[in-house]
Amino acid sequence: MADKVAVKLDGIVKRFGGFVAVYEMNLEIREGEFVTFLGPSGCGKTTTLRMVAGLLDPSNGDILVHDKRVNDLPIHKRNLGLVFQNYALFPHKSIFDNVAFGLKYRDVSKEELKKRVTDALELVQLPHTADRYPAQLSGGQQQRVALARAIVIQPEVLLLDEPLSALDANLRENMRVELKRIQDQLGITTIFVTHDQAEALAMSDRIVVMSDGRVEQVGSPQEVYTSPSSLFVAQFLGNSNILSGRLDSKNGALSVYVDGLDSIQVDPKQLKDFRDGDSVALVIRAEKLTLGEAKQDEDHATQLTGHVDAVDYQGQAARYFVTAGGHSLQAFNQIDQQPVKEGTDVHIRIRARDCVLLEPEA
Amino acid sequence: MGSTSWNLIRGYTILVYLFMFTPIIVVMLLSFNSSQFGSFPMEGVSFRWFVELWNNDAITRAFRISLALGALTALLSSTFGVLASLALVRYDFPGKQSLSTLLIAPILVPEVVLAVALLLFLRWLEVHKSFFLLLLGHVIFTLPFVILVVQARLVGIRREYEEAAQSLGASPIQTFFQITLPLLLPAVFAGFLFAFTISFDDITGTLFWKPGGIETVPTQIFAMLRNSISPEINALGTVMIIVTVALPLLGAAIARRFGSASSE
Ligand SMILES: Nc1ncnc2c1ncn2[C@@H]1O[C@H](COP(=O)(O)OP(=O)(O)O)[C@@H](O)[C@H]1O
Ligand SMILES: [Mg+2]
């Protein structure tokens with residue numbers, strides 16, 4: 001069951017005239033999986049989602065839902081649940097009629113319709129709103145109703161296009177948890193589109209990172225965060241320090257020589273296809289640079305000396321802007337007692353296993 | 001200096017309004033004059049001329065024709081207007097811009113030109129004047145108003161409503177009747193009333209297009225004026241004013257009611 005493929009994108013391409021919005025995209029989404037398309041605005045997330053929904057025809061390639069090719073199936077025959085950023089509740093219909101809308105086109109008895117609508121409204125925790133109209137609800141409530149309307153038809157796939165982006169920050173985080181709870185409870189295959197990395201990391205089983213119409217990386221939240229497969233992914237998610245250097249592999253040990261700094265030790269597993277002397281990009285997350293006043297001797301770690309230029313104090317943690325060997329670095333550390341002071345010299349510890357090697361930018 | 005120029009503007013505005021409305025008021029007042037001669041001072045108040053209107057077969061016939069023509073024009077114009085607006089706003093096709101210009105053109109071209117052009121065109125096709133031709137002329141002439149009103153509203157209806165409906169299983173036609181049309185209704189209604197009023201009021205085109213033996217209220221008044229100025233005409237004028245002013249007001253009120261009900 002868990003391995004059954006619910007949605008398969010087989011080499012889909014979308015061109016608008018001469019402009020390619022989505023380059024050949026291949027993806028398999030398993031039954032019950034929560035997959036997020038993550039990328040900056042304009043990278044083709046919505047375009048891809050709309051192709052799955054049947055609102056756009058792919059220029060090339062096939063879309064399969066439960067092993068059935070749906071390219072030529074119009075949207076109203078696809079049985080998909082769609083949720084938009086701006087809710088799109090029918091303003092002239094009551095909440096009940098909004099949620100019941102899809103059931104009217106299905107073979108459902110009056111009693112069952114009433115029961116399913118009531119259940120759906122209960123699931124989104126809005127049981128008493130049936131008689132109201134969309135304009136009488138807050139944005140968050142409207143989005144819950146939109147979700148109820150989409151899931152009440154028991155769709156094969158739930159498609160969400162930036163459903164939380166129109167809500168304010170606090171509500172957004174609550175809705176994030178709520179949405180995930182509902183998705184878990186129903187076990188419904190979900191494609192979620194967002195440009196917000198926090199949403200993607202918190203909710204997804206797998207993240208598809210996109211940029212300029214191409215898939216950069218597909219993986220679990222931890223995979224894309226800790227082992228980015230491209231500089232784009234490293235820069236888009238979290239805060240990364242990127243240093244260019246030359247690879248130096250001698251008798252089993254791996255290190256990267258960076259101008260102005262010492263050699264930085266790297267876990268030998270990072271060697272991948274690189275060879276001795278290759279130019280590489282060394283990626284280290286800001287939270288993996290540990291600042292300290294004293295030098296700590298430790299195996300499998302590199303110690304650098306640097307100077308703290310600025311401190312961005314955030315209460316439980318602080319962001320430090322540090323220069324070391326002419327390179328500007330960012331460190332993000334929890335605060336034990338006192339934050340490191342601005343203008344002081346510090347030791348920077350980089351553990352070998354926190355270093356990621358990537359192809360340098362062309 | 002400020003106050004004198006303001007006073008000038010105020011005086012001027014008052015004069016303009018007087019100039020526009022006095023004849024209308026005079027006509028309405030005189031229609032209740034009991035005297036045979038349409039002039040002041042009024043001798044007494046009576047509904048005599050309205051009764052005579054009612055008993056004048058030619059006038060009641062013209063009235064029925066105007067009503068039927070107006071209603072049919074409004075019906076056809078709003079139907080075609082909605083379809084044309086949908087095509088122009090929701091779909092892309094070659095020649096869209098030209099079609100849009102063509103449909104709006106009748107309000108840009110002087111009515112006489114349009115009237116003669118249509119007449120010549122149908123002559124060339126060897127089609128004779130008929131009620132149908134008159135109706136066709138009125139539809140062409142009122143269509144732009146409907147299209148402008150409906151289009152403006154349709155642009156404001158987000159596509160996502162229709163997309164959501166379709167994703168839930170409604171076919172494009174079901175989506176139109178369930179979602180698009182109800183949201184469009186105030187504009188359709190306003191367009192309908194516009195078309196009716198314009199058709200009911202029209203004389204230029206009607207004079208060119210109407211077949212022999214058919215008179216609408218405006219052409220009937222026109223014909224009566226050529227013989228004599230009877231107080232009956234004042235009464236007819238009063239009825240016309242009431243119909244053409246009251247209908248749009250009523251329409252606006254209903255549209256407002258609709259609008260507020262859907263956004264409640
Ligand atoms: N109908 C269209 N015609 C032309 N270009 C389009 C159309 N829809 C989207 N695009 C372009 O395709 C790219 C991807 O758009 P989209 O999928 O909406 O991005 P996002 O990742 O922000 O959802 C953008 O550059 C956008 O301008
Ligand atoms: Mg988008």
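Where a number appears in this text, it was derived from the coordinates with a stated rule and is not lab data. What you see is a predicted model, and the numbers here were worked out from it, not measured in a lab. Please note: Cβ atoms are built from the backbone with ideal geometry, for glycine as well, and neighbour counts cover all protein chains shown.
For the stretch A:35-46, a residue qualifies if it is within 11 Å of ligand 1 (Cβ to nearest atom) and more than 14 Å from chain B (Cβ to nearest Cβ), and the qualifying residues are A:F37, A:L38, A:G39, A:P40, A:S41, A:G42, A:C43, A:G44, A:K45. In the set (1) without any contact (Cβ under 8 Å) to a residue 24 or more places away in the chain; (2) closer than 22 Å to B:T204 by Cα, the condition left unmet by B:L168 is number (2). Residues that are of a type in the set (S, T, N, Q) and away from ligand 2 (no atom under 15 Å from the Cβ) were ranked within the stretch A:203-230; the one that is nearest to the other protein chains (Cβ to nearest Cβ) is A:S204.
When the stretch A:64-97 is filtered for residues that are assigned to a loop (DSSP other than H, G, I, E, B) and more than 14 Å from chain B (Cβ to nearest Cβ), the ones remaining, listed by number, are A:H66, A:D67, A:N71, A:D72. Within the set A:A253, A:A198, A:A202, the sole residue that is over 15 Å from the mean Cα position of the chain (by Cα) and not polar (S, T, N, Q) turns out to be A:A253. Across the stretch A:187-202, the number of residues qualifying as touching a strand residue (DSSP E or B) at 6+ places or on another chain (Cβ under 6 Å) and either without any contact (Cβ under 8 Å) to a residue 24 or more places away in the chain or away from ligand 2 (no atom under 16 Å from the Cβ) (or both) comes to 3. Can you tell which of A:G11, A:G32, A:G61, A:G17 is over 17 Å from A:Q217 (Cβ atoms), within 14 Å of chain B (Cβ to nearest Cβ) and either touching a Cys at 6+ places or on another chain (Cβ under 6 Å) or away from ligand 2 (no atom under 16 Å from the Cβ) (or both)? Just a single option satisfies the conditions, and that option is A:G17.
Listed conditions (1) surrounded by 22 or more Cβ atoms within 10 Å (Cβ to Cβ); (2) within 15 Å of ligand 1 (Cβ to nearest atom) are all met by A:G81, apart from (2).
Residue count for the stretch A:42-58 under the criterion of being of a type in the set (G, A, S) and either more than 16 Å from ligand 2 (Cβ to nearest atom) or over 20 Å from A:Q217 (Cα atoms) (or both): the result is 2.
In the condition set (1) of a type outside the set (S, T, Y); (2) within 14 Å of chain A (Cβ to nearest Cβ); (3) within 30 Å of A:P163 (Cα to Cα); (4) crowded, with 20+ Cβ neighbours inside 10 Å, B:A187 is compliant with all but (3).
When A:A310 is tested against the conditions (1) assigned to a strand (DSSP E or B); (2) aliphatic (A, V, I, L, M); (3) farther than 16 Å from A:F332 by Cα, the lone failure is (3).
On inspection, A:G39 passes the criterion of being within 16 Å of ligand 2 (Cβ to nearest atom) and in contact with a strand residue (DSSP E or B) (Cβ under 9 Å, 6 or more places away or on another chain).
No other residue among A:F96, A:F101, A:F84 is under 34 Å from the mean Cα position of the chain (by Cα) and under 14 Å from B:G169 (Cβ atoms) apart from A:F101. Evaluation of B:F176 against the conditions (1) of a type outside the set (A, V, I, L, M); (2) away from chain A (no Cβ under 14 Å); (3) out of contact with any helix residue (DSSP H, G or I) (no Cβ under 7 Å at 6 or more places or on another chain); (4) buried (at least 17 other Cβ atoms within 10 Å of the Cβ) shows that the sole unmet condition is (2). The residue of the stretch A:183-194 that is farthest from A:D3 (Cα to Cα), among those that are crowded, with 18+ Cβ neighbours inside 10 Å and touching a Gly at 6+ places or on another chain (Cβ under 8 Å), is A:I188.
So in the stretch A:280-307, with the set limited to residues that are outside any strand (DSSP E or B) and without any contact (Cβ under 8 Å) to a residue 40 or more places away in the chain, which one is farthest from the chain's Cα centre (by Cα)? Only one residue fits best here, namely A:D297. Only one of the listed residues (A:A135, A:A166) is in contact with a helix residue (DSSP H, G or I) (Cβ under 7 Å, 6 or more places away or on another chain) and either away from ligand 1 (no atom under 16 Å from the Cβ) or basic (K, R) (or both). That residue is A:A135. Among the residues of the stretch B:129-177, those that are more than 23 Å from B:V109 (Cα to Cα) and among the basic types (K, R) comprise B:R153, B:R158, B:R159.
Does any residue of the stretch B:171-181 turn out to be under 24 Å from the mean Cα position of the chain (by Cα) and in a helix (DSSP H, G or I)? So far as the stretch B:171-181 goes, yes, one or more of its residues are under 24 Å from the mean Cα position of the chain (by Cα) and in a helix (DSSP H, G or I). So is B:N234 farther than 19 Å from B:T73 by Cα, touching a helix residue (DSSP H, G or I) at 6+ places or on another chain (Cβ under 7 Å) and polar (S, T, N, Q) or not? Yes, satisfied. So for the stretch A:249-269 (the condition being on the phi < 0 side of the Ramachandran plot, touching a Ser or Thr at 6+ places or on another chain (Cβ under 6 Å) and charged (D, E, K, R)), does at least one residue qualify? No, the stretch A:249-269 has no match at all.
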